[in-house]
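Take a look at the structure below.
The values are calculated or read from the model by the stated rules, or taken from the named source; none is laboratory data. This one's a predicted model, so the numbers in the text were calculated from it and none came from an experiment. A quick note on method: Cβ atoms are made from the backbone with ideal geometry, for glycine too, and the neighbour counts reach across all protein chains shown.
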Amino acid sequence: MNCILFSEANIRNFRAKRLKEITGETFSIAQAAEVLNICSANILYALVDKGLVRAFKRLCGKRETYCLTYEQLQNFNDTYCSATELACQLRASPKHVVRLLMEHGIMPITGSCIDGGIKYFFRRAEVPQDMVNSLIEQYRQRGATTQPLKKH
């Protein structure tokens with residue numbers, strides 16, 4: 001019999017995400033980064049500043065803070081993918097993924113060599129799954145070694 005184990009944090013995140021999805025509550029930037037599996041809220045703040053993530057400001061006590069709905073998170077996730085996400089599929093480093101995609105004419109929309117961004121992100125529609133599969137095969141044929149995988 002197959003068995004799947006989930007960490008307490010994964011279960012907590014799932015419950016919070018599902019509750020907010022049902023009730024229409026909003027996520028803070030830190031919560032949204034966790035749901036999107038982005039390792040730092042600063043990366044998400046930068047994506048909001050660049051207009052890649054739609055967020056709205058809400059008064060929280062005496063200061064304004066960014067908030068996102070589940071729909072906004074889903075829209076971002078459907079539209080963009082990080083180099084790290086693709087690196088997990090390719091079993092390569094994000095740096096290698098960026099180089100491979102750029103060699104194939106697929107440019108990131110943000111990243112250090114594009115606009116000084118913290119992390120590289122691509123338009124998901126420009127990186128179809130069949131291309132990713134092809135790149136996996138090409139990458140293996142080159143004899144490239146895999147790199148440790150990191151959270152984006």
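When we screen Thr26, Thr65 for residues that are in contact with a Cys (Cβ under 7 Å, 6 or more places away or on another chain) and farther than 25 Å from Asn133 by Cβ, the only hit is Thr26. Being at pLDDT 90 or above, under 12 Å from the mean Cα position of the chain (by Cα), outside any helix (DSSP H, G or I) and of a type outside the set (A, V, I, L, M): is that true of Cys39 here? When the stated conditions are applied, Cys39 does not pass them. For Cys39, the conditions (1) without any contact (Cβ under 8 Å) to a residue 12 or more places away in the chain; (2) closer than 27 Å to Ile136 by Cα are fulfilled apart from (1).
Considering only residues in segment 103-129 that are buried (at least 17 other Cβ atoms within 10 Å of the Cβ) and either hydroxyl-bearing (Ser, Thr, Tyr) or in the same structural domain as Ile43 (by TED's automatic domain parsing) (or both), the one that is farthest from Ala83 (Cα to Cα) turns out to be Thr110. Counting only helices (runs of 4 or more DSSP H) wholly contained in segment 75-152, the ones carrying 2 or more residues that are within 18 Å of the chain's Cα centre (by Cα) and at pLDDT 90 or above occupy 83-90, 94-103, 112-115.
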